[in-house]
1. Name the pairs: first residue in segment 210-239 and surrounded by 12 or more Cβ atoms within 10 Å (Cβ to Cβ), second residue assigned to a loop (DSSP other than H, G, I, E, B), Cβ to Cβ under 7 Å, at least 6 apart or on different chains?
2. Between residues in segment 375-402 that are in contact (Cβ under 8 Å) with a residue 40 or more places away in the chain and among the charged types (D, E, K, R) and residues that are assigned to a loop (DSSP other than H, G, I, E, B) and surrounded by 11 or more Cβ atoms within 10 Å (Cβ to Cβ), which pairs lie under 7 Å by C-beta distance while being six or more apart or on different chains?
3. Please determine, by comparing only the residues of segment 270-298 that are at pLDDT 80 or above and part of a loop (DSSP other than H, G, I, E, B), which one is surrounded by the fewest Cβ atoms within 10 Å (Cβ to Cβ).
4. Any chance segment 18-37 includes a residue that's farther than 18 Å from VAL123 by Cβ, at pLDDT below 70, surrounded by fewer than 12 Cβ atoms within 10 Å (Cβ to Cβ) and touching a Lys or Arg at 6+ places or on another chain (Cβ under 8 Å)?
5. Could you tell me which residue of segment 45-77 is nearest to MET87 (Cα to Cα), considering only residues that are touching a Gly at 6+ places or on another chain (Cβ under 7 Å) and open to solvent by 80 Å² or more (accessible area, probe 1.4 Å)?
6. Given the condition modelled with pLDDT under 75 and of a type in the set (Ser, Thr, Tyr), answer yes or no: does some residue in segment 257-269 qualify?
7. Any residue at all in segment 322-336 that is part of a helix (DSSP H, G or I) and either touching a Pro at 6+ places or on another chain (Cβ under 8 Å) or open to solvent by 30 Å² or more (accessible area, probe 1.4 Å) (or both)?
8. Condition first: assigned to a loop (DSSP other than H, G, I, E, B) and in contact with a Ser or Thr (Cβ under 8 Å, 6 or more places away or on another chain). Now tell me which residues in segment 357-414 satisfy that.
Amino acid sequence: MIDGPRVDPDGYGQDRSADSWTPTLLIHEDLTPLPVVDQALPIIGLFARLVGRGPLARYRVAILRELATQPRARLSIRVIQDCVAWMDPLSVSRLVQDLRTAELLSYDSRTSVYQLTREARVVAAVCGALTTTGVDYSRIIKVLSATMRLAEAMNAPSQMAYEAFLNAIAVLELDYEELRGLLNDFSEEALLEAARMAGTHVQDMQTLLEEQQDMFARFQGDPLFLEHDQRAHDVIASVGRLADEVVTHLSRRADLRLRGTLRVDRQDLRKAIEETGVEELADLVRDSARSPVFLSAVNTVAAFTALDDYLGRIRERPLPPPPPSALSIRAPLTVGDNPVDRAVSALERLAASGSALLSDWVVDNGWDEALRRNVQAVEAWSRHGPSGDGTLRAVLDARTDLLRLDMFDVGWMSATWVRSPSAGAADDAD
């Protein structure tokens, strides 16, 4: 004989046989959302106990809401029966016992009074807010924003509000994908409705960002949050722009239709073609359709005459290549030969000579060589001078005047003196 599923006799629990196994975790439980969920289970369990099973759930919720609206916190059974005057007093007493068993009402045996627990007031408030036939998708972001405020009011972990924020971003991204899909399908009526819905979600998302600035400030140090924050602003701009364009375009088309300047559109033509037979369509376009493309007969004499004329043309010779020029060939650098090191040695030699101009070493063997040496000198001063590691035993003293050189293709160069560090310090002292 096979027993059926074991059900909680009080009607508050779930099918026990369904919870007889334990899922296998791949990481330690502390690294999963389970510890945070454990904090919420007691209150979630109160909802399960309140609703339970069977037809009495609606009565228990109704009585809990009635008690939550009473001005006094401590109520006797007689006062409770008077509050629920629309129900038989004996039935009220039995339902009060159900609420007490579900730990939604506490009972003081010394004074014989009942009192809603703190958790029960939260449950009653949420039940009051959920008195609707369903979730209106146009208000989904407002609902998520309200859950963020509820989490903050109940001192829940900030991660709960953060997850609601990501959920709101996902709603906008879904709106964007839906608008794109409807644009491709040319579904005009559904497109207009979706665009207006997306516009409402954009406004609600902007309000959410403004209202939750203080909460978002806690995550400013988290790079991942900053990425999602930028993602939120990007999707707000994308969805808002697309929704505005769709509404503006469709509204303009509707206005043109009312004025009579636009009588048919693509949807009208598609519908007419689908509903019209092939022969009737052929009759409609027979007089206005163009003749098919065809080739005329070829004149053989004219064709060979044209070919003979083409073959008899004198072809122009291409221009000759430019004369060859000698390329400058330089010996490769030896191993360990560093241009910057050579510049350091040259600057130190100039400094050791007393006082010399930088042009004495830079200007040599033509313009290209002078340009390379000038770059090497600047690099040596940057790496090993005062702003670098300070190992250069030379000081560059740049002046504002210019030196006329007229040698090795270099006409002018700024006057820069190379001195030893001791000589530079003495000049500063003077």
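The values are calculated or read from the model by the stated rules, or taken from the named source; none is laboratory data. Note that this is a predicted model, so its numbers are computed, not measured. Every residue, glycine as well, gets a Cβ built from its backbone with ideal geometry; the counts of neighbours run over all protein chains shown. Keep in mind that these areas ignore ligands, DNA and RNA; they rest on the heavy atoms of the full protein, side chains included. Shrake-Rupley method; radii C 1.70, N 1.55, O 1.52, S 1.80 Å.
1. Note: no pairs meet the criteria.
2. Within 7 Å, the pairs are ARG393/SER420.
3. Here the answer is GLY277.
4. no
5. Top of the filtered list is ARG65.
6. yes
7. No - not one qualifying residue is present in segment 322-336.
8. Within segment 357-414, the first condition is being assigned to a loop (DSSP other than H, G, I, E, B), and the residues that meet it are 358, 363-365, 385-394, 408-409.
Result: LEU358, GLY388, ARG393, ALA394.
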